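The values are calculated or read from the model by the stated rules, or taken from the named source; none is laboratory data. What you see is a predicted model; the values in this text were computed from it and never measured. Glycine gets a Cβ as well: all are built from the backbone with ideal geometry, and neighbour counts include every protein chain shown. These area figures cover heavy atoms from the full protein model, side chains too; ligands, DNA and RNA do not enter into them. Shrake-Rupley method; radii C 1.70, N 1.55, O 1.52, S 1.80 Å.
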Amino acid sequence: MRVTVIGTGYVGLVTGACLAQVGNRVLCIDVDAQKVARLQQGQVPIHEPDLPEIVAEGLRGGRLGFSTDIAAGVAHGEFIFIAVGTPPEEDGSADLRHVLAVADAIGQHLEDERIVINKSTVPVGTAARVRERIQARLRERGLDLSIPVVSNPEFLKEGAAVADFMKPDRIIVGTDDAAVAERMRSLYAPFNRNHNRLILMDAPSAELTKYAANVMLATKISLMNELAGLAERLGADIEAVRIGIGADPRIGYEFIYPGCGYGGSCFPKDVRALEHTARSVGFPAPLISAVEAVNNRQKGILEQKLAALLGEETLAGARIALWGLAFKPNTDDMREAPSRTLMEGLWARGAQVRAYDPAAMDEARRLYGERADLTLCEDPYAACDDAEALVICTEWQIFRSPDFADIRRRLRRPIIIDGRNLYDPASLRREGFSYHAIGRP
């Protein structure tokens, strides 16, 4: 099948590459000419396991292409995916300018009937707005075409996006048109062979499903972090509590790990967007508001622990080792990462940061440039040199079994503040550390 994907960000690039991987002819469109030129050479701009390999394979096989020519993209695809960003506005609402601009472009270039598929995360009602914009542009051109717009939200986890797309747990298709639904079923057939994962519903329900899923997961994280704070005050161990409640199949073990807060491109933005949607229709949603409030508070907990342990005066001139910059492992994404909250708080207090991350060092340089109070180290142990304490923000595998004797020799004080509960407190005490985790005595 001929597929066009407009937008080569995280979602668009994974979508295009995976659809090409199963034999479709895919053309990906982006306005960034430099980015397109790099992609044409097989240079993937994001850190995502397996993505460079399938992009290279698609290019070699002639099934995957990249261009800045929106007219060529519209002409190419019998399926046209919209996969552009919807960044948050100041009030929390999703900014739909890019989505609607793509809708205008599609309407300006379409010559015959195609299926338009909205892959971007958008508020309820956006599929209808996109269709209205396309139809308006077509009417201006004197064309009598009826273009269906499908809501097809993504459920890709950063760090496992290719695996999620190739073997999805569900494929949500929002349309009331039975013929369009069958075409979508054919497009997704290669990913739907083991058992039927395709779930049909109306477009508004599909749009709400995306937000509801992310807010549900974010709620589990925030509730667990709130319980962790309570555990610390009661002398309980939240890791024991986690195992105890996770054994209940109604709760399960996913997304109940306490830590220093969630970040990334989805959870923070989507929680705020759904909160804004609730306000816009006059529906009180205090639980959704509380999810974000708890998470924002949790992001400050590592700085608070440091200040309590070192004292305000010592922290003002301290050198702090930081392991982990990305918001989660297997990505270089630092959007709303807890590490950023910690570093910016430490800098405001006059502290210096020595940081290491396996993938996000270049992203940190892009975000913060050269600073006297930030040293990006070539290996995790070098970050500990002459530091007052080691703080862990991201649970990369490389951090799970380090050389504690080497860490202790390098640190000025044997203090570890673990924002991801990677280590056993008793073992760290035997190693001679003052060890402080989340919700653990």
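Have a look at 73, 261, 23 and tell me which one the Gaussian network model of the chain (Cα, springs below 10 Å) gives the largest fluctuation.
23
If you average the C-alpha positions of the range 54-100 and of the range 170-196 separately, how far apart do those two centres end up, in angstrom?
The range 54-100 and the range 170-196 have Cα centres separated by 20 Å.
Output needed: percent of Cα pairs per 5 Å distance bin for the range 114-242, bins running from 0 to the one holding the longest distance.
All Cα pairs, binned at 5 Å, distribute as 2, 10, 15, 16, 15, 12, 9, 8, 6, 4, 3, 2, 1, 0, 0 percent.
How large is log10 of I(q)/I(0) for the range 358-441 at q = 0.19, 0.20, 0.23 Å⁻¹ when the intensity is taken from the Debye formula with one equal scatterer per alpha-carbon?
Taking Cα atoms of the range 358-441 as identical point scatterers yields -0.90, -0.98, -1.21.
Most mobile of 255, 283, 399 per a Gaussian network model of the chain (Cα springs, under 10 Å)?
Of 255, 283, 399, the Gaussian network model singles out 283 as fluctuating most.
Give me the Kirkwood hydrodynamic radius of the range 319-396 in Å, from all C-alpha pairs, to one decimal place?
Working: mean 1/r = 0.0829 Å⁻¹.
Value: 12.1 Å, from the Cα pair sum.
Work out, step by step, the length gained on full extension between residue 196 and residue 250: first 0.36 nm times the residue separation, then minus their alpha carbon distance; give nm to one decimal.
On the way: separation 54, 0.36 × 54 = 19.44 nm, distance 2.33 nm.
Result for the pair: 17.1 nm of gain on full extension.
Name the shape class, rounded, prolate or oblate, that the alpha-carbon gyration tensor gives for the range 11-121, where a ≥ b ≥ c are the square roots of its eigenvalues, rounded holds for a/c under 1.5, and otherwise prolate holds if a/b is larger than b/c and oblate otherwise.
Details: a/c = 1.86, a/b = 1.24, b/c = 1.50.
Note, shape of the range 11-121 comes out oblate.
Given a Förster distance of 25 angstrom, what is the FRET efficiency for residue 144 paired with residue 1, based on the Cβ-Cβ distance and rounded to 0.05?
Numbers: r = 25 Å, r/R0 = 1.02.
Here the calculated transfer efficiency is 0.50.
Accessible area per residue for the chain in Å², computed with a 1.4 Å probe and the full protein assembly in place, what is it?
On the way: 19190 Å² over 441 residues.
Counting only protein heavy atoms, the per-residue value for the chain is 44 Å².
Kindly flag which residue pairs out of 119/299; 119/328; 157/299 have an alpha-carbon separation exceeding 26 Å in this structure. All intermediate terms of the calculation are to be shown ahead of the outcome.
On the way: 119/299 30 Å; 119/328 23 Å; 157/299 21 Å.
Pairs exceeding the cut-off: 119/299.
How fast does the chain diffuse by Stokes-Einstein, in µm²/s, taking the Kirkwood radius from C-alpha pairs at 25 °C and 0.890 mPa s?
Values: Rh = 23.5 Å.
This corresponds to a translational diffusion coefficient of 104 µm²/s.
Would you mind telling me the share, in percent, of accessible area of the chain contributed by carbon and sulfur at probe 1.4 angstrom? List each step's numbers first, then the result.
Numbers: 9750 of 19190 Å².
Solvent-exposed carbon and sulfur of the chain make up 51 percent of the total.
Does a label point 7 Å from the Cα of residue 362, set along Cα-to-beta-carbon, have any residues of the range 314-355 with amide nitrogen under 17 Å, and which are they?
Once the point is set 7 Å along Cα→Cβ of residue 362, 325-327, 330-335 turn out to lie under 17 Å by backbone N, inside the range 314-355.
Once you have a ≥ b ≥ c as the square roots of the Cα gyration tensor eigenvalues for the range 395-441, tell me rounded if a/c is under 1.5, and otherwise prolate or oblate according to whether a/b is larger than b/c. Before the final figure, lay out the partial values.
On the way: a/c = 1.67, a/b = 1.16, b/c = 1.44.
Oblate is the answer for the range 395-441, as a/c is 1.5 or above yet b/c matches or exceeds a/b.
For the range 341-441, state which GluC sites (Glu not before Pro) are in a DSSP loop and have at most 16 other beta carbons lying within 10 Å of their beta carbon. Numbers along the way, then the final one.
Numbers: sites: 344, 363, 370, 378, 388, 395, 431; in loops: 370, 378, 388, 395, 431.
Filter output for the range 341-441: 370, 378, 431.
Looking at the chain, what % of its DSSP beta bridges pair antiparallel, to the nearest 5?
Working: 2 of 44 bridges.
Taking every DSSP beta bridge within the chain, about 5 percent pair in antiparallel fashion.
Return one number: the angle in degrees, 0 to 90 and rounded to the nearest 10, between the long axis of the Cα atoms of helix 338-348 and the longest principal axis of the Cα atoms of the chain.
50
May I ask you to derive the FRET efficiency for residue 22 and residue 279 from their Cβ-Cβ distance with R0 = 41 Å, giving the value to the nearest 0.05? Walk me through the intermediate numbers first.
Values: r = 42 Å, r/R0 = 1.01.
Working from the Cβ atoms, E equals 0.50.
Please compute the length gained on full extension between residue 50 and residue 178, using 0.36 nm multiplied by the number of residues separating them and subtracting their Cα-Cα distance.
Working: separation 128, 0.36 × 128 = 46.08 nm, distance 3.47 nm.
Full extension of this stretch gives 42.6 nm more.
Which net charge results when you count Lys and Arg as +1 and Asp and Glu as -1 among the other residues whose beta-carbon is under 9 Å from that of residue 174? Display every interim value, and only then the final one.
Values: positive: none; negative: 176, 202, 207.
Spelling it out: positives minus negatives among the neighbours equals -3.
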